[in-house]
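Chemist: Quick one: the structure is below, and I'll ask about it shortly.
Each value in this text was obtained by applying a stated rule to the coordinates, not by laboratory testing. Computed from a predicted structure; not experimentally measured. Every residue, glycine among them, receives a Cβ derived from its backbone with ideal geometry; neighbour counts consider all protein chains shown.
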Amino acid sequence: MSDIDPQRLIWIVTGVQLRAELGDRPLAYRVEREVRERLATLLGKAAEGAPPQLSPVVVSDVYYLNHDDAQTAPTISIGGPGVNAVSAALYDKLPTPLAIENTLVVQMDLEMNDLRCAVWGMNHLDTVRAVDALIAKGYLDTFVKGVVERATYADDSES
């Protein structure tokens, strides 16, 4: 495996508690697949032997919070503040374009100035619905496009 550039990763974070591992981690892998599909559409296939321009990775909140490199890269947090420390940290820092009172939340900056997103519900079924909404209502498309544009701009400015 070539050197891993944490700034080329899209971090998908779940809680480390058993409820989060059992309920939210499968949702995170679903989001990871969806992100990979969108990246392939937007960026095409990486050259033979070259690392991908961007790649999603699923990690625990404990790993994420203990690695400063991760915290400056694009992030999607899955699971509520009670089971995911990253969602708890983002709770009052991100706008909420979608909220159904006492049910579910999608938090993200639609202008993509902040490349972080939190998706959660009041229970597991509501978190499933929040992830469904993230995907079906185009929020994930907006997020991935914003990340790609930012990465492309950064690559162009380094040239």
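Chemist: Spelling out what I want: for every residue of the range 113-118, take phi, set θ = phi - 60°, compute 6.51 cos²θ - 1.76 cosθ + 1.60 (Karplus), and round to whole Hz; glycine and proline get x.
Modeler: Calculated HN-Hα couplings, in order: 6, 10, 8, 10, 8, 10 Hz.
Chemist: In the chain, with Lys and Arg counted as +1 and Asp and Glu as -1 at Cβ, which of these residues, Gly121, Val13, Phe143, has the Cα nearest the positive end of the dipole, that is, farthest along it?
Modeler: Gly121
Chemist: Report the gain in length on full extension from Tyr29 to Tyr91: 0.36 nm times residue separation, minus Cα-Cα distance, nm rounded to one decimal.
Modeler: Here the answer is 20.1 nm.
Chemist: Sticking with this structure for a sec: Go ahead and run the numbers for FRET between Glu111 and Ser55, Cβ-Cβ distance against an R0 of 25 Å, rounding to 0.05.
Modeler: Computed FRET efficiency for Glu111 and Ser55: 0.55.
Chemist: Have a look at Pro74, Pro95, Pro56 and tell me which one the Gaussian network model of the chain (Cα, springs below 10 Å) gives the largest fluctuation.
Modeler: Sorting by GNM fluctuation, first place goes to Pro95.
Chemist: Please give, to one decimal in nm, the separation of the simple spin-label points placed at Tyr63 and Glu21, each 7 Å out from Cα toward the Cβ.
Modeler: Using points 7 Å along Cα→Cβ, the separation is 1.3 nm.
Chemist: With unit charges on the beta carbons (Lys and Arg positive, Asp and Glu negative) and the dipole taken about the Cα centre of the range 6-158, which residue among Pro97, Gln53, Val83 sits farthest to the positive side?
Modeler: Positive-most Cα among the choices belongs to Val83.
Chemist: OK, next. Efficiency by 1/(1 + (r/R0)^6): what FRET value for Glu37 and Asn102, r their Cβ-Cβ distance, R0 = 25 Å, to the nearest 0.05? Can you show the working numbers first?
Modeler: On the way: r = 32 Å, r/R0 = 1.28.
Plugging the Cβ-Cβ distance into 1/(1 + (r/R0)^6) gives 0.20.
Chemist: May I pose another question? Write down the percent of antiparallel bridges among all DSSP beta bridges whose residues are both part of the range 76-159, to the nearest 5.
Modeler: In the range 76-159, DSSP labels about 75 percent of beta bridges as antiparallel.
Chemist: Then there's this: What does the charge count near Gly146 come to, summing +1 for each Lys or Arg and -1 for each Asp or Glu among other residues with Cβ under 10 Å from its Cβ?
Modeler: My count for the surroundings of Gly146 gives -3.
Chemist: Roughly how many debye, to the nearest 20, is the charge dipole of the chain about its Cα centre, given +1 on each Lys and Arg Cβ, -1 on each Asp and Glu Cβ, and no other charges?
Modeler: 480 debye
Chemist: I want to check the label-to-label distance for Thr72 and Asp141. Put each point 7 Å from Cα in the C-beta direction and report it in nm to one decimal.
Modeler: Output for this residue pair reads 3.3 nm.
Chemist: Shape of the chain from its Cα gyration tensor (a ≥ b ≥ c, root eigenvalues): rounded if a/c is under 1.5, otherwise prolate when a/b > b/c, or oblate?
Modeler: prolate
Chemist: Counting only residues 5 or more places away or on other chains, whose amide H sits under 5 Å from the amide H of Val16 once H atoms are built in the peptide plane?
Modeler: Here the answer is Asp61, Val62, Ala85, since their amide H atoms fall under 5 Å of that of Val16.
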